[in-house]
Amino acid sequence: MEKNEIYRRLPRVDSLMKEKETEELVKEYGYDCVLDAVRRALDAAREELGYCAADAEEELAETLGRSLSGIRNKIREILCRENRMNLMPVVNGTGIILHTGLGRAPLGREVLLHAGQVAGGYSDLEFDLETGKRGERCLNFEETVCRVTGAEAAMAVNNNAAAMLLILSALASGGEVVVSRGELVEIGGGFRIPEIMELGGAALREVGTTNRTCPEDYRRAVCQETKAFLKVHTSNYRIIGYTRETTLEELAELKEETGLPVIQDLGSGVLVDLGKYGLAREPMVQESVRSGADVVSFSGDKLLGGPQAGIIVGKKKYIEKMKRHPLARALRIDKFTAAALEAVFRQYLDPEKAAEKIPVLRMLTRPAEEIRADAENLAERLRTSIRGDAPDGAEGARITVEECVSRAGGGSLPEQDIPSYAVAVDPADIPAGELAARLRRLELPVIGYLSGEKLFLDMRTIGEKDAGYIAEVFRAGEILRKEAR
Ligand SMILES: *Cc1c(COP(=O)(O)O)cnc(C)c1O
């Protein structure tokens, strides 16, 4: 048979489109998407035929047969794959709680519910229910933030980087800002204090040294051009040894002398005393406000455990100035974020409850022993699951419970080793790296990490539902088989 003849035996696009089965697909996915999938399935079949030598009759016939019988499945498969969202949930087995690659802070149920209700309909986002007139955006949210932090006023923008940009643009543009050389921070993702300063139109006036900066250094730097003092929390590194840091209180004294505002970039917005849970103490927002900082900014989705946002709290006169700045409009948050922020801050009105309800805090403060019990439990479920219906079947993997170390992540608590437990999978027939890759390709991907020759799943970031799903994924040891799946 001629090769061209073979190609002609493949069904035509229009005849495939007319089939009843295809019509069903059109109802589900729309005509254009199905047409595209049909064309691509046929292209794939032609390509496969193209690989056969022109005189390899038997191979050609066999390939054609396979194409003909498989083409409808292929169309369905293409549509299924294409229809899946590219941004999708994953199971986090890394033990890194604020994993920036995995979306930082997961939101709690109540917060999501409220945000969904507000965003799914109309709301009083910028509407005054008393007067029936246009109101100010997010007033409700700001009131709650002030109650929790003790600040006079508050506002929120897209993220903390945006908050810094707005603060510097509104309060220091065209002048100088005094910063310690020990606090010229770079955060992952291209956020550097000197650069954000330049962008905000403020000149950086560095004082002190990397390890030591005293109040006198700040005082000497003050001149006609000075617009503010800036303190940056060294959230992702520590300077230890022979050090001297100028405290907020000391800067507040300078403020009395000079009338210049003290700005603080806190990084993570910690609102509860982490020391209570045996973690390193992080400076709390409330303390900054009390110590006399005029403007404090922090992230919504780091240790605060809320949606992505940059929250700015402080003296009313400065916040008002920022709200009127044109950048505020460009950087403003949407209603989904505003609703989620208010809901999270309300949970902080009762700090004990916050530690239970906010997923980031719950994961961060869970005792290792509790996690160990979860790990033992999942390990046992995995062993049973892998064995499947053949109790004497070959062991696909060795499952153990191992001590490990979780991290806060997101550039927070950089020094903190958080003791935890992982379920370790040591596959018998494939490398652990191959198992890791297979788990990443699942419809609901599972992200673990490799340690030695094993795949680790840290139970600190794995919830009850996730654990059930993982046990299901290992059913009958399919995923551990040598042959590619
Ligand atoms: C994380 C961080 C930022 C950036 O915050 P985003 O919300 O990620 O924009 C800025 N400053 C400090 C000190 C930080 O730790």
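The values are calculated or read from the model by the stated rules, or taken from the named source; none is laboratory data. For clarity, every value in this text was computed on a predicted model and none was experimentally measured. Glycine also receives a Cβ, built like all others from the backbone with ideal geometry; neighbour counts cover every protein chain displayed. Ligands, DNA and RNA are stripped out before the accessible areas are found, and what is left, the full protein with its side chains, is counted by its heavy atoms. Shrake-Rupley method; radii C 1.70, N 1.55, O 1.52, S 1.80 Å.
Counting only residues at least eight positions apart within a chain, or on another chain, the lysines with an alpha carbon under 16 Å from that of residue 357 are 302. Taking only the Cα atoms of the chain, the radius of gyration and Dmax are 29.0, 96 Å. Taken one residue at a time, the phi angles of segment 332-346 give Karplus couplings (6.51, -1.76, 1.60, θ = phi - 60°) of 5, 8, 9, 5, 4, 5, 4, 5, 5, 4, 4, 4, 5, 4, 4 Hz. Gly and Pro are set to x. Of the whole protein surface, residue 21 contributes about 80 Å² of accessible area at a 1.4 Å probe radius.
Once the gyration tensor of the Cα atoms in segment 7-66 is diagonalised, the equivalent ellipsoid follows with semi-axes of 27, 11, 8 Å, ordered largest first. What the chain shows is 51 Å² of accessible area per residue, with the surface traced by a 1.4 Å probe over protein heavy atoms. Taking all protein chains together and rolling a 1.4 Å probe, residue 325 ends up with roughly 50 Å² accessible. Considering only 65, 319, 144, the residue lying farthest towards the positive end of the dipole of the chain is 319, judged by Cα position with unit charges set on Cβ. The Rg/Rh ratio of segment 1-138, with both radii computed over alpha carbons and Rh defined as the Kirkwood radius, is 1.28. Using the Karplus relation 6.51 cos²θ - 1.76 cosθ + 1.60 with θ = phi - 60°, the per-residue 3J(HN,Hα) values for segment 400-409 come to 10, 10, 10, 5, 8, 10, 8, 10, 5, x Hz, with x marking Gly and Pro. Dipole magnitude for segment 226-279: computed about the Cα centre from +1 point charges on Lys and Arg Cβ and -1 point charges on Asp and Glu Cβ, it is near 260 debye.
Placing +1 on each Lys and Arg Cβ and -1 on each Asp and Glu Cβ, with no other charges, gives segment 44-150 a dipole about its Cα centre of roughly 360 debye. Accessible area ranking (1.4 Å probe, heavy atoms, ligands and nucleic acids excluded), largest first, for 251, 184: 184, 251.
In summary, segment 133-229 shows an alpha-carbon radius of gyration equal to 1.28 times the 2.2 N^0.38 Å reference for compact globular proteins. A Cβ-based charge dipole, computed about the Cα centre of the chain with Lys and Arg at +1 and Asp and Glu at -1, lands at about 960 debye. Applying the Karplus relation 6.51 cos²θ - 1.76 cosθ + 1.60 with θ = phi - 60° to segment 100-114 yields 3J(HN,Hα) values of 4, x, 9, x, 6, 6, x, 8, x, 4, 5, 5, 5, 4, 5 Hz, where x marks Gly and Pro. Size estimate for segment 102-172 follows the Kirkwood approach: the inverse of mean 1/r over distinct Cα pairs works out to 14.7 Å.
Loop-located GluC sites (Glu not before Pro) across segment 404-485 with a Cβ neighbour count of 15 or fewer within 10 Å are 415, 443, 453, 483, with loop assigned by DSSP.
Exposure check, 1.4 Å probe, all protein chains in place: residue 336 carries approximately 80 Å² of accessible surface.
How tilted is helix 368-387 with respect to the longest principal axis of the chain? Cα atoms for both, answer in degrees (0 to 90, nearest 10). It is inclined by approximately 10 degrees.
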